[in-house]
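Everything on this sheet refers to the single structure shown next.
The values are calculated or read from the model by the stated rules, or taken from the named source; none is laboratory data. In this text, all values refer to a predicted model and were calculated from it rather than measured experimentally. Heads up, the Cβs are rebuilt from the backbone with ideal geometry, glycines too, and the neighbour counts pull from every protein chain shown.
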Amino acid sequence: MAAWTWAVPALSSLLLLVALATGVGTLLVALCAVALIGAVFSAVHHAEVVAHRVGEPFGTLVLALAVTVIEASLILSMIVAAPAEAAALPRDTLYAAVMIICNGVVGVCVLVGGIAHREQTFRVEGAGAGLAALITMSALTLVLPGYTITTPGGTYSEGQLEFVAVVSAALWAVFVFIQTVRHRDYFLPVADAANPEAHAAPPTLTRAWVSGGLLLVSLVAVVGLAKVLSPSIEHAVETVGAPRTVIGIVIAMLVLLPETIAAVRAALANRLQTSMNLAIGSALASIGLTIPVVAAASVVFHLPLVLGLGPKDIVLLTVTFLVSAVTLGTGRTHMMQGAVHLVLFGTFLFLALVP
């Protein structure tokens with residue numbers, strides 16, 4: 001094991017502890033930003049080691065679960081710290097995560113994969129099932145709250161919130177069962193004799209366990225450093241006069257960096273199935289795990305929670321799912337499809353800054 005693979009998580013965690021204990025100045029902010037990038041690359045490396053040991057789709061599930069659990073903890077801590085100011089943060093972060101994954105991550109993977117390999121393939125059975133679940137969960141959590149009449153202002157009543165939390169968690173659990181047990185073959189990459197990584201000897205069990213631990217340390221460092229940097233991010237957003245929704249986008253981007261890099265590297269290695277498993281699995285886990293946690297906190301501690309999107313964002317979300325249905329409908333991709341997704345992603349970012 002290379003020295004940097006354990007040194008970077010250790011140094012990043014140490015820097016996080018220093019920042020939490022002493023507060024952050026200009027120099028420490030810069031160091032935290034560098035440590036954040038290092039922790040991201042460390043997380044990707046260790047996730048790939050674990051994935052190689054346990055095989056698909058368990059490997060991608062490990063990274064998606066780890067990132068999402070810590071992301072939910074980050075959102076929850078920010079809500080508890082400032083309930084009124086952060087009432088819409090879960091909505092903004094989840095919406096941003098869906099748009100980043102469905103347009104940014106999928107777009108980059110399909111584009112670079114198309115450039116490098118002309119056409120790539122994946123199993124449409126698994127991708128289609130995942131997309132159907134994602135559309136349903138997104139509609140229940142991000143669209144319907146703006147149209148119910150029990151409570152105003154894009155919110156759910158406690159009963160409605162509890163129902164949506166339960167069905168979101170249940171739908172995610174069914175997807176994981178399908179992915180890992182009942183129809184695992186739908187998520188396995190097509191055999192590629194020309195891919196040397198497919199036949200490389202897997203790491204030892206000891207190394208896999210060590211990498212699993214270091215993966216967790218790296219992800220904690222990523223999310224912790226993102227939280228440490230969040231005041232600086234908020235200050236920068238206010239300085240340039242951007243809407244507060246940009247904060248949710250930045251947080252989602254930081255948290256999703258490990259998965260994004262892992263997905264792009266898989267696409268470049270002509271393993272688009274792995275990229276799709278990461279993308280769809282991450283989007284489903286983001287909603288299926290985060291909403292129950294946030295909903296429980298909202299009900300127990302009587303915290304305000306605004307989930308409903310505005311008309312502009314609903315239009316973008318709808319177009320994203322329509323385009324995703326076309327992209328994932330054939331099991332074959334080329335660079336044009338990636339370009340379309342990236343145009344949608346650019347539109348999402350532009351309209352977030354200039355609503």
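Some notes on this structure:
- Residue match in the range 198-208 (condition: more than 20 Å from Leu61 (Cβ to Cβ), modelled with pLDDT of 80 or more and either in a loop (DSSP other than H, G, I, E, B) or under 16 Å from the mean Cα position of the chain (by Cα) (or both)): yes
- Test result for Ala35, in contact with a Ser or Thr (Cβ under 8 Å, 6 or more places away or on another chain), modelled with pLDDT of 70 or more and among the hydrophobic types (A, V, I, L, M, F, W, C): yes
- Only one of the numbered conditions (1) modelled with pLDDT under 90; (2) within 16 Å of the chain's Cα centre (by Cα); (3) surrounded by 24 or more Cβ atoms within 10 Å (Cβ to Cβ) is violated by Ile261, and that is (3).
- Cβ separations smaller than 6 Å between residues 6+ apart or across chains give the following pairs from the range 163-192 residues that are more than 27 Å from Ala72 (Cα to Cα) and touching a residue at least 40 places away in the same chain (Cβ under 8 Å) to residues that are charged (D, E, K, R) and buried (at least 18 other Cβ atoms within 10 Å of the Cβ): Tyr186/Arg123; Leu188/Glu56; Pro189/Arg271.
- Ser275 being crowded, with 21+ Cβ neighbours inside 10 Å, modelled with pLDDT of 90 or more and of a type in the set (Ser, Thr, Tyr): yes
The rows are residues; the columns are (1) assigned to a helix (DSSP H, G or I); (2) surrounded by fewer than 24 Cβ atoms within 10 Å (Cβ to Cβ); (3) in contact with a helix residue (DSSP H, G or I) (Cβ under 8 Å, 6 or more places away or on another chain); (4) in contact (Cβ under 8 Å) with a residue 24 or more places away in the chain.
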position	(1), (2), (3), (4)
Ile251	yes, no, yes, yes
Leu254	yes, yes, yes, yes
Arg265	yes, yes, yes, yes
Val294	yes, no, yes, yes
Ala297	yes, yes, yes, yes
Leu307	no, no, yes, yes
Asp313	yes, yes, yes, yes
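- Identity of the residue in the range 173-197, more than 26 Å from the chain's Cα centre (by Cα) and not in a helix (DSSP H, G or I), that ends up modelled with the lowest pLDDT: Ala193
- In the range 50-57, the condition of being more than 30 Å from Asp185 (Cα to Cα) and either in a helix (DSSP H, G or I) or in contact with a strand residue (DSSP E or B) (Cβ under 6 Å, 6 or more places away or on another chain) (or both) is met by no residue.
- Residues within the range 227-243 that are outside any helix (DSSP H, G or I) and touching a residue at least 24 places away in the same chain (Cβ under 8 Å), tallied: 2
- Test: Gly104 is at pLDDT 90 or above, over 27 Å from Ile178 (Cα atoms) and among the small types (Gly, Ala, Ser): no
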